[in-house]
Every structure is written in C-alpha cells, then in structure tokens.
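Taking it in order: structure first as structure tokens, then the write-up.
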Amino acid sequence: MSIRRSLDRPRRHGVLVQPDDRRALERSGWRTTLDYRENHIRGRDGRLLEVVPSWTAEAERFDGDLAVASAIGVTADEAWAHLRDDVESGRTTITTRLRLLTR
C-alpha cells in the first residue's frame, strides 16, 4: 500500500520560525535550547521600576568529547547570534572524559 500524494498540490512549508543562527547550529550537529528570564528591578517602596529580559541560548554536541557553549542576549536573536559566533570561534567548553553510570 502506498501513500497517496496529490499531484495538483505540491508540498509547501510554512514560515520558518527559527532564527538562521539556530538552524545553522543544528545543521552542523549541535543540540540547542533557549531559556527566558526576567530580572525585576524594584524601588525601595516595592514598585516595579524596570523589567530586564534575559535570553540564554545553549548548545551541546557529542563527537567522542562533549562540547558545550552558552550565550546571553537581550533578545532571542541576539543570544543565538552570540552563541553561533562563540561556536564558530571555538569558544566552547570541552569535556574529554565522560563517566556513564550503569546498573
């Protein structure tokens, strides 16, 4: 039994939502994650004065050694750009020995 495909309608992809920097990292074998935090700055009376966003992009890859990198930015795109620059510049942390626990 074969999957039916419509010849009248070619397959279409939607709008790409991931930034170019993240896609480039993942295509080169890196696993990526993105975290968001807000730092709230308050006055002495407890009023909220400012909200400072903080995006943390992280990547890891295992090729016999575990390589990790992390970068922070005010926007998600900025964090991805910093992370990609760090990875391409070789600013990563490499762990040469991993200890796997077995039962």
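Only the coordinates and a few stated rules stand behind these numbers; no lab work does. Predicted, not measured: the structure shown is a model, and the values here were computed from it. Cβ atoms come from the backbone with ideal geometry, glycine included; neighbour counts cover every protein chain shown.
For Glu50, neighbours were defined as the other residues whose beta-carbon sits under 15 Å from its Cβ, and their charges (Lys and Arg +1, Asp and Glu -1) total +2.
Applying 1/(1 + (r/R0)^6) with r as the Cβ-Cβ distance of Gln18 and Leu49 and R0 = 35 angstrom yields a FRET efficiency of 0.55.
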